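Some notes on the structure that comes next.
The values are calculated or read from the model by the stated rules, or taken from the named source; none is laboratory data. Bear in mind that the values here come from a model prediction, so they are computed numbers and not experimental data. Every residue, glycine as well, gets a Cβ built from its backbone with ideal geometry; the counts of neighbours run over all protein chains shown. Heavy atoms of the whole protein, side chains included, go into the accessibility calculation; ligands, DNA and RNA do not. Shrake-Rupley method; radii C 1.70, N 1.55, O 1.52, S 1.80 Å.
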Amino acid sequence: MQVSLESTSRLGRKMTVELPPERIDPEVEKRLKSMSRRVRVAGFRPGKVPFKIVKQRFGEQVLQEVTDEVLRESFQEAVAQQALRPAGGPRIEPSEPAEGRGLKYTATFEVYPEFELAGVEDLEIKLPVTEITEADVDVMMEKLRKQRSQWVAVERPAQKGDRVTIDFNGLIDGQPFADGHGKDLPVELGSGRMLGDFEDQLIGAEPGDSKKVQVTFPDNHHKQALAGKTAEFDVQVKGVAEAELPALNDEFAKSFGVADGGVETLRKMIRANMEREVDNTIKAWIKAQVMEGLLQRNEVELPETMVAHEIKRLRKQAMENFGQTDESRLSDDLFVEEARRRVKLGLIVGEIVRKHGLKPDPEKVQSALQTLAASYADPQQVINYYRRNPAAMANIEAMVLEDQVVDWVRTRAKTSQQSMTFMELANSSSAQSQALG
């Protein structure tokens, strides 16, 4: 096998591979001879078909099969020979297969960038310190009461926290638009489920009122046709209702599965859940700081193949989240920045793993698997599925390995404590989730 290599860019490579006929033709003949012993051809008894006939009928097909296999095998051999690490699959242009000709092909691909990891000794990580108070538990109890509230109709102007039932018709530049109309829509004022301007303009409305509501859609609205546009709605207020909270008693506790102990047991259960939330949020908080620190400290040239793949994945995810089917409505430009960020972070984390020989800790993998399975009705069935599915298991191992990278950085970085209330920490949770992607 002859291999020649040229650089097409800093990360781009074009590799030419030439294989002699001896790499292909003997295997083709071997397979054809094997076929001749079992193939059925009209006019011949099984096992008595002349080799010449078998070759005429199946030679081209078998040649293509062997050529494809040899191409894949030789590419991996050539990559190893040249000590290359391809970033993504290659674009291969092979010669036309023919007996006695061998095989020649060119493979165009990008390689992983080589870079020096920046030190993390000067990275400062703040470790949240949080104490759950009885007042925090009281707030959570009130949230649970609101979840069990009943809506009671009232004859007064709507206030923040009320639910207003409306019919509406919207126009943009005097024209109707998709999803710009509705009937009997319940709107909880102050919930933020609709654009804030829309909800705010319904405060003070009474049953039977007709209102004009004007709303400007944000520039980053997920429906591009509406982004930055101003819509005017004709709104008919059909009813106003206020939330009636249930009494805080044993019956209320039983509605959350507390059989004995009443409200006091419910409070203990809530506190335990809050403690788990604190642990998870602190873990996410630290992880976000570590990842952002790695991003800021390292300069990495990104393989555009990997970026393009990540853009495609993010776009598919967004389409599923928004229920979109028309790919043209979501431009690649929307995902470029986030895709580049994720690819860069993946390369940095991967380099830490590679350079320092980190491996998934079996005990941590088992613990992560058990935690995941615990949320299902039959945990053992879930565990068995993962154990039998290498691809699914690889996802668990990757998650554990990423956490080990966080621990590796944390033990080397500077750390300091930061006191936070439970609500401050809880409110930071969504921001940390966005930072982690």
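Couple of notes before you dig in:
- Distance in nm between pseudo-label sites at residue 220 and residue 378 (7 Å out along the Cβ direction from Cα): 4.4
- Working ranking of peptides 337-347, 386-396 by packing, defined as the average number of other Cβ atoms within 10 Å per residue, highest first, is 337-347, 386-396.
- Hz values of 3J(HN,Hα) by residue in region 72-84 - Karplus curve (6.51, -1.76, 1.60), Gly and Pro given as x: 4, 5, 5, 4, 5, 5, 5, 4, 5, 4, 8, 6, 9
- To the nearest ten degrees, helix 304-322 and the longest principal axis of the Cα atoms of the chain are 40 degrees apart.
- For the chain, DSSP calls about 90 percent of its internal beta bridges antiparallel.
- Calculated translational diffusion coefficient of the chain (20 °C, 1.002 mPa s; Stokes-Einstein with Kirkwood radius over alpha-carbon pairs) equals 75 µm²/s.
- Inter-part distance where region 199-261 and region 402-425 are each reduced to a Cα centre, Å: 37
- Taking 7 Å steps out from each Cα toward its Cβ at residue 73 and residue 324 produces label points 4.5 nm apart.
- Taking the inverse of the mean 1/r over every pair of distinct Cα atoms in region 166-266 gives a Kirkwood hydrodynamic radius of 16.2 Å.
- Between 0 and 90°, nearest 10: helix 390-410 axis offset from the chain longest Cα axis: 70
- For residue 154, the residues whose modelled amide H falls within less than 5 Å of its own, excluding neighbours fewer than 5 places apart on the same chain, are 240, 241, 242.
- Phi angles of region 295-303 translate, via the Karplus equation with coefficients 6.51, -1.76, 1.60 and θ = phi - 60°, into HN-Hα couplings of 4, 5, 8, 10, 9, 9, 7, 9, x Hz per residue; Gly and Pro are given as x.
- Sites residue 418 and residue 146 - FRET efficiency at Förster radius 41 Å, r taken between beta-carbons, to 0.05: 0.85
- Rg/Rh for region 206-324, where both radii come from Cα atoms and Rh is the Kirkwood radius: 1.16
- Taking each residue as 0.36 nm, the span from residue 395 to residue 167 lengthens on full extension beyond its C-alpha to C-alpha distance by 77.4 nm.
- Taking a point 7 Å out from the Cα of residue 65 in the direction of its Cβ, the residues of region 27-54 whose backbone N falls within less than 20 Å of it are 27-42, 46-54.
- Prolate/oblate/rounded call for region 291-437, Cα gyration tensor, a/c under 1.5 rounded: rounded
- Sorting the Cα pairs of region 1-84 by distance into bins of 10 Å, from 0 upward, gives 16, 35, 22, 15, 9, 3, 0 percent per bin.
- Residue by residue, region 369-381 carries 3J(HN,Hα) couplings of 5, 5, 5, 4, 5, 4, 7, 9, 4, 10, x, 5, 4 Hz when phi is fed to the Karplus relation 6.51 cos²θ - 1.76 cosθ + 1.60 (θ = phi - 60°); x denotes Gly or Pro.
- Mean residue ellipticity at 222 nm, helices only, the chain: -15500 deg cm²/dmol; runs of at least 4 DSSP H residues each add -39,500 (n - 2.57), and the sum is divided by the number of residues.
- Excluding ligands, DNA and RNA, the accessible surface per residue across the chain is 60 Å² with a 1.4 Å probe.
- Zone residues, region 381-397, relative to residue 358, backbone N less than 17 Å from point 7 Å out along Cα-to-Cβ: 394-397
- Here each label is just a point 7 Å from Cα along the line to Cβ, and for residue 366 and residue 297 those points are 3.3 nm apart.
- Share of carbon and sulfur in the accessible heavy-atom surface of region 166-312 [1.4 Å probe, %]: 48
- For residue 205, the residues whose amide H sits under 5 Å from its own are 158, ignoring neighbours fewer than 5 places away on the same chain, with H placed 1.01 Å from N.
- Max mean-square fluctuation residue, GNM over the chain, Cα-Cα springs under 10 Å, options 25, 162, 332: 25
- For residue 418, residues with placed amide H under 5 Å, excluding near neighbours: 127, 129
- Distance from the C-alpha centroid of region 271-292 to that of region 181-198: 32 Å, rounded to the whole angstrom.
- Cα-derived Rg over Rh, computed across region 311-384 with Rh taken as Kirkwood radius: 1.15
- The figure for residue 34 is an accessible area of roughly 40 square angstrom, using a 1.4 Å probe on the protein chains alone.
- With respect to the chain, whose longest principal axis is taken over its alpha-carbon atoms, helix 336-355 is tilted by about 60°.
- Sequence-distant lysines (8 or more away, or on other chains) whose Cα lies within less than 20 Å of residue 160: 143, 146, 211, 212, 238
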